[in-house]
Amino acid sequence: MATYKLYYFNGRGRAEVSRMIFAAAGEKYEDIRYEQDKWPEHKSEMPLGQMPVLEFNGTKLPQSVSIARFLAKQFQLAGKDSFEQAQVDAVVDTINDCVTKYVPIRREEDEAKKEELTKKFLAEELPKHLQNFETLAKLYSKGGHFFVGNQLTWADLLFYDVGAIILQVDSNAFNNHAWLKDNRAEVEKQPKIAEYLKSRPNTPF
């Protein structure tokens, strides 16, 4: 029987999509969370000195996207065939393009500069990315509520998680994007996901 341990900080961050995959699949795993002050003593235990890390049957795997993709394939949440998997990956890469643009803003410590960068992101960057998401959904969703093949995949779970961050920045972000709003609502309706969202720890990030 396979054993899974997921190592990360006590927050959602880059591990949350993997936790959501475990939840959607109804699979058991050990959710190991380190507080920031305890991390230095465990850093050397991780292959690249960073987290998240998945330990699968005793072997550690780094890199958040590689972890999530592996788990999605394990639990049939990656697409029904090779081309659907490629479509899911295309959606995931497009979501990560958006995240890459936003991360420097989140790390900015100067509040005035952060506000200026946020305004620019909302005005110039975000609309392009939201349009890209809808373009791929139109191509791959087969007229359904999920990004690829009208079935839940980890692309939907990642978008749900990233969507929560977007809504923290602008609560009206999806008002003109009915399909994206609908997609997030459908993810929330999945019984195992709904249960997970209700019970997961309330953390600052």
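The values are calculated or read from the model by the stated rules, or taken from the named source; none is laboratory data. Since the model is a prediction, treat every value here as computed from it, not as a measurement. In this analysis, Cβ positions are derived from the backbone assuming ideal geometry, glycine residues included, and neighbour counts consider all displayed protein chains. All accessible areas refer to the heavy atoms of the entire protein, side chains included, with ligands and DNA or RNA removed. Shrake-Rupley method; radii C 1.70, N 1.55, O 1.52, S 1.80 Å.
Odds and ends about this structure:
- Pairwise Cα inverse-distance average, inverted: Kirkwood Rh of the chain (Å): 17.9
- Residue pairs, from the table 101/189; 73/198; 60/192; 73/192; 28/73, whose Cα atoms sit over 20 Å apart: 101/189; 73/198; 60/192
- Residue separation of residue 139 and residue 99 scaled by 0.36 nm, minus their Cα-Cα distance, works out to 12.2 nm of gained length.
- Each label point was placed 7 Å from the Cα along the Cα-to-Cβ direction; for residue 45 and residue 63 their separation is 2.3 nm.
- For the pair residue 192 and residue 35, a Förster radius of 30 Å applied to the C-beta separation gives a FRET efficiency near 0.60, rounded to the nearest 0.05.
- Between residue 110 and residue 171, the contour length at 0.36 nm per residue exceeds the alpha carbon distance by 19.7 nm.
- The chain: relative contact order as a whole-number percent, Cα under 8 Å and 6+ apart: 23
- About the Cα centre, charge dipole magnitude for the chain (Lys/Arg +1, Asp/Glu -1 at Cβ), debye: 360
- Charge dipole (debye, nearest 20) of region 1-76; +1 at Cβ of Lys and Arg, -1 at Cβ of Asp and Glu: 260
- Size descriptors for region 82-190: radius of gyration and Dmax over Cα atoms are 14.3, 46 Å.
- Theoretical FRET efficiency, 1/(1+(r/R0)^6), r = Cβ-Cβ of residue 125 and residue 182, R0 25 Å, to 0.05: 0.65
- For the set 42, 129, 145, the ranking by accessible area, highest first and with no ligand, DNA or RNA atoms included, is 145, 42, 129 under a 1.4 Å probe.
- Region 82-190 - accessible surface per residue (Å², probe 1.4 Å): 53
- A 1.4 Å probe over all protein chains sorts 187, 99 by accessible area into 99, 187, starting with the largest.
- Computed over protein heavy atoms with a 1.4 angstrom probe, the accessible surface ordering of 205, 146, largest first, is 205, 146.
- Per residue, the Cα convex hull of region 126-205 amounts to 92 Å³.
- Antiparallel bridges, percent of DSSP beta bridges restricted to the chain (to nearest 5): 65
- Expressed as a whole percent, the accessible surface of the chain that belongs to carbon and sulfur atoms is 49, based on a 1.4 Å probe.
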